Amino acid sequence: MKMPLKITVAYDNHPPLAPALTASWGFACVVEGFEKTILFDTGTSGPILMKNLAALGFDPARIDTVVVSHGDWDHLGGLWTFLDANPDVEVYLPGSLSRHLMDEVRAHGARLFPVGTAPATVCPGVVLSGEMDGPRKEQALLLQTETKRMVVTGCAHPGIIAIAQRLAAIPPELPMLVMGGFHLKDSPSTEVEQIVQTLETLGTRWVAPTHCSGERAEALFAKRFGKRCLSLCPGSTITEEDLEG
Ligand SMILES: [Fe+2]
Ligand SMILES: [Fe+2]
């Protein structure tokens with residue numbers, strides 16, 4: 001790795017960490033520390049994404065790769081503004097997205113990689129789940145360091161358990177962080193409790209539910225995981241040092 005792993009939340013609907021950052025419905029984060037610097041998802045609004053990236057000190061030119069989890073506008077919406085600023089990127093899109101959308105990415109000059117249903121490697125340590133079935137087809141991101149693994153989800157429409165199961169099955173087996181949108185806004189507490197237990201049996205040691213996870217679910221995760229539940233908002237960062245205990 002060229003530098004220690006760092007995940008920075010660039011777009012989220014929770015109140016931001018600093019006044020220079022804007023909260024808005026959606027999700028995006030920047031992953032550093034691997035061969036490629038990755039933007040995972042792009043939020044709803046291109047201008048807000050670019051403003052937040054700038055406030056966090058990210059020059060769009062530093063991003064090598066954009067991964068879009070799924071076609072909902074709160075994850076895809078900022079893509080075009082980003083590509084206007086830096087078209088010299090590879091873009092990994094779920095393969096079932098429309099041909100028109102794929103053509104648009106190519107028209108911007110980016111290198112398009114449609115992702116099928118099997119896991120795909122972006123670079124050493126960075127693996128995509130492959131497109132998974134659900135109310136919306138979606139892909140998630142797996143980051144592997146020497147001692148830990150991190151699962152990053154957009155909305156988790158295929159189910160946070162299904163995603164964690166698929167990515168936990170990719171060796172090596174290491175303690176896992178599951179972070180991002182868990183889409184549990186409308187889930188009753190009993191269902192969330194069950195999800196917490198199943199995530200633990202899959203090796204989940206840390207969680208960071210945000211975006212569409214829902215307040216009730218976030219509170220339940222915090223209660224169950226204690227200090228090992230990290231709260232996220234625009235400007236939050238996660239490094240391996242945050243994943244202790
Ligand atoms: Fe979403
Ligand atoms: Fe979504």
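Search the range 163-203 for residues being among the small types (Gly, Ala, Ser) and touching a Ser or Thr at 6+ places or on another chain (Cβ under 9 Å), and hand back the single one that is nearest to ligand 2 (Cβ to nearest atom).
Gly181
Which of the residues belonging to the range 143-165 are assigned to a loop (DSSP other than H, G, I, E, B) and away from ligand 1 (no atom under 14 Å from the Cβ)?
Thr145, Glu146, Thr147, Lys148, Gly159 - these are the residues of the range 143-165 that are assigned to a loop (DSSP other than H, G, I, E, B) and away from ligand 1 (no atom under 14 Å from the Cβ).
Is it the case that Leu174 is hydrophobic (A, V, I, L, M, F, W, C) and either surrounded by fewer than 20 Cβ atoms within 10 Å (Cβ to Cβ) or part of a loop (DSSP other than H, G, I, E, B) (or both)?
Here the answer is yes, as Leu174 does meet what is asked.
It is to be established whether one or more residues within the range 97-107 are among the basic types (Lys, Arg) and touching a residue at least 40 places away in the same chain (Cβ under 8 Å).
Start the filter on the range 97-107 by keeping residues that are among the basic types (Lys, Arg), which leaves 99, 106.
The next check asks that each one be touching a residue at least 40 places away in the same chain (Cβ under 8 Å); those that pass are none.
So far as the range 97-107 goes, no, none of its residues is among the basic types (Lys, Arg) and touching a residue at least 40 places away in the same chain (Cβ under 8 Å).
Could you list all residues from the range 177-218 that are at positive phi and either surrounded by 15 or more Cβ atoms within 10 Å (Cβ to Cβ) or assigned to a strand (DSSP E or B) (or both)?
Those that are at positive phi and either surrounded by 15 or more Cβ atoms within 10 Å (Cβ to Cβ) or assigned to a strand (DSSP E or B) (or both): Gly180, His183, His211, Gly214.
Looking at (1) part of a loop (DSSP other than H, G, I, E, B); (2) buried (at least 20 other Cβ atoms within 10 Å of the Cβ); (3) more than 13 Å from the chain's Cα centre (by Cα); (4) touching a residue at least 40 places away in the same chain (Cβ under 8 Å), which is the one condition that is false for Asn52?
(1)
Pick out the one residue from Asp59, Asp64 that is at pLDDT 95 or above, surrounded by fewer than 18 Cβ atoms within 10 Å (Cβ to Cβ) and in contact with a strand residue (DSSP E or B) (Cβ under 8 Å, 6 or more places away or on another chain).
Just a single option satisfies the conditions, and that option is Asp64.
Of the conditions (1) of a type in the set (Gly, Ala, Ser); (2) away from ligand 2 (no atom under 16 Å from the Cβ); (3) within 16 Å of Gly154 (Cβ to Cβ), Gly46 satisfies every one except a single condition; which number is it?
Among (1) of a type in the set (Gly, Ala, Ser); (2) away from ligand 2 (no atom under 16 Å from the Cβ); (3) within 16 Å of Gly154 (Cβ to Cβ), Gly46 violates only (3).
For the range 120-162, give me the residue count where each residue is within 22 Å of Glu32 (Cβ to Cβ) and away from ligand 2 (no atom under 13 Å from the Cβ).
The total comes to 22.
So which residues in the range 78-102 are in a strand (DSSP E or B), farther than 13 Å from Ile63 by Cβ and of a type in the set (A, V, I, L, M)? Break it down stepwise before answering.
To start, the set of residues in the range 78-102 that are in a strand (DSSP E or B) comprises 90-94.
Filter once more, so that each one left must be farther than 13 Å from Ile63 by Cβ: 93-94.
The answer is Leu93, and nothing else.
The values are calculated or read from the model by the stated rules, or taken from the named source; none is laboratory data. Owing to the predicted nature of the structure, the values given are computational and were not obtained by experimental measurement. Note: ideal-geometry Cβ built from the backbone for every residue, glycine included; neighbour counts use all protein chains shown.
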